[in-house]
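S.K.: For reference, the structure I am asking about is given below.
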Amino acid sequence: MRLSASSDEVKARMQAELAALGEALARLRHAGGLSQAEAGERVGMTGQGWGLYEAGKRAGLFRPDIQTRLTAALGATPDALSLERGVSPSPPGADGERVSGVEARSVAFKSAEAPVASQNETFTVPVQTEDVWPWASSGVVLVCDPGRWPRRGQGCVVETADGETLVRLFDGADRDFLILKGGSDGLDQSERLARKDVVRLATVVSRDET
């Protein structure tokens, strides 16, 4: 596996983010008046297994499908987890709102021309670089939904007008740019990608690491 020169720093940062997510999950559970055993039972795991997520010991907590499953057991949502962690949710579209291409109500714009057929069908992308390690490494297969706007910190796949397919973590957006994390320097690298150069933006909804 190829690691960037700052891989130790990236790992430490990701572990800190994982710990913060776990603490936010614990606060949501306490607010719901549940023990770890009770929360775990709702999703078919032991209290000890649930506790590993809260302790920041399971990287699966980064996964959107895992966040949805665990927060649903608490009567909450992934956006509530982000708010508890101190991260503002993304613009409209983040709560599962169906959107077209890279268009959201609050930041609508016209993207580059692309074939209409299959634009909103779920598709898979194999990760072939270490651009977003340790969130995902080479060999992982991503399941992507182009009809959902990503939340901050959520994986996404960007197809550009010049034919590139980029795997990144979504970090925000304004009217003219997508703000993304990932690249040759790993998650330490941040970039602003012009919306006019984007053909399609898809949210990662699950990962196959087998």
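S.K.: Looking only at residues in segment 27-57 that are touching a residue at least 40 places away in the same chain (Cβ under 8 Å) and of a type in the set (K, R), which one is surrounded by the most Cβ atoms within 10 Å (Cβ to Cβ)?
M.R.: If we take residues in segment 27-57 being touching a residue at least 40 places away in the same chain (Cβ under 8 Å) and of a type in the set (K, R), then R29 is surrounded by the most Cβ atoms within 10 Å (Cβ to Cβ).
S.K.: Of all helices (runs of 4 or more DSSP H) completely enclosed by segment 9-88, which ones contain at least 3 residues that are more than 21 Å from R207 (Cα to Cα)?
M.R.: Qualifying helices (runs of 4 or more DSSP H): 36-42, 47-54, 78-85.
S.K.: Tell me, which residue of segment 58-78 that is closer than 26 Å to S137 by Cα and in contact with a Lys or Arg (Cβ under 7 Å, 6 or more places away or on another chain) is least open to solvent (accessible area, probe 1.4 Å)?
M.R.: The residue in question is P78.
S.K.: Ok, one more. What are the pairs with Cβ atoms under 7 angstrom where one residue, in segment 191-210, is closer than 17 Å to G172 by Cβ and the other, located anywhere, is assigned to a helix (DSSP H, G or I)? Sequence gap at least six, or different chains.
M.R.: Here the result reads V204/P64, each pair linking segment 191-210 to a residue that is assigned to a helix (DSSP H, G or I).
S.K.: (1) modelled with pLDDT of 85 or more; (2) within 19 Å of Q15 (Cβ to Cβ): which one isn't true of V43, the others all being true?
M.R.: For V43, the failing item is (2).
S.K.: Among the residues of segment 79-88, write down those that are surrounded by 15 or more Cβ atoms within 10 Å (Cβ to Cβ) and not acidic (D, E).
M.R.: Those that are surrounded by 15 or more Cβ atoms within 10 Å (Cβ to Cβ) and not acidic (D, E): A80, L81, S82, L83, R85, V87.
The rows are residues; the columns are (1) out of contact with any Phe, Trp or Tyr (no Cβ under 7 Å at 6 or more places or on another chain); (2) farther than 17 Å from D65 by Cβ; (3) at pLDDT below 90; (4) of a type in the set (D, E, K, R).
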| residue | (1), (2), (3), (4) |
| --- | --- |
| E121 | yes, yes, yes, yes |
| V125 | yes, no, yes, no |
| T129 | yes, yes, yes, no |
| R148 | yes, no, yes, yes |
| S184 | yes, yes, yes, no |
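S.K.: Checking I66 against (1) within 17 Å of the chain's Cα centre (by Cα); (2) modelled with pLDDT under 80, which test does it fail?
M.R.: Answer for I66: the failing condition is (2).
S.K.: Yes or no: R200 modelled with pLDDT of 85 or more and either of a type in the set (K, R) or surrounded by fewer than 16 Cβ atoms within 10 Å (Cβ to Cβ) (or both)?
M.R.: Yes; evaluated as a whole, the condition is true for this residue.
S.K.: I'm trying to understand the selection: among the residues of segment 156-189, which are within 15 Å of the chain's Cα centre (by Cα) and not hydrophobic (A, V, I, L, M, F, W, C)?
M.R.: Residues satisfying the conditions are R168, D171, G172, K181, G182.
S.K.: Oh, and also: Report the residue count in segment 124-152 for those that are out of contact with any Asp or Glu (no Cβ under 9 Å at 6 or more places or on another chain), part of a strand (DSSP E or B) and β-branched (V, I, T).
M.R.: Result for segment 124-152: 1.
S.K.: If I ask for residues that are buried (at least 17 other Cβ atoms within 10 Å of the Cβ) and part of a loop (DSSP other than H, G, I, E, B), which ones from segment 153-197 would you list?
M.R.: G153, Q154, G182, G183, Q189
S.K.: Confirm whether V132 is in contact (Cβ under 8 Å) with a residue 24 or more places away in the chain, surrounded by 18 or more Cβ atoms within 10 Å (Cβ to Cβ) and within 25 Å of L81 (Cα to Cα).
M.R.: Criteria met by V132.
The values are calculated or read from the model by the stated rules, or taken from the named source; none is laboratory data. Worth saying up front: this structure is predicted, and the values here are computed from it rather than measured. With ideal geometry, Cβ positions are generated from the backbone for all residues, glycine too; neighbour counts draw on all protein chains shown. Areas reflect the complete protein model, heavy atoms only, side chains present, ligands, DNA and RNA absent. Shrake-Rupley method; radii C 1.70, N 1.55, O 1.52, S 1.80 Å.
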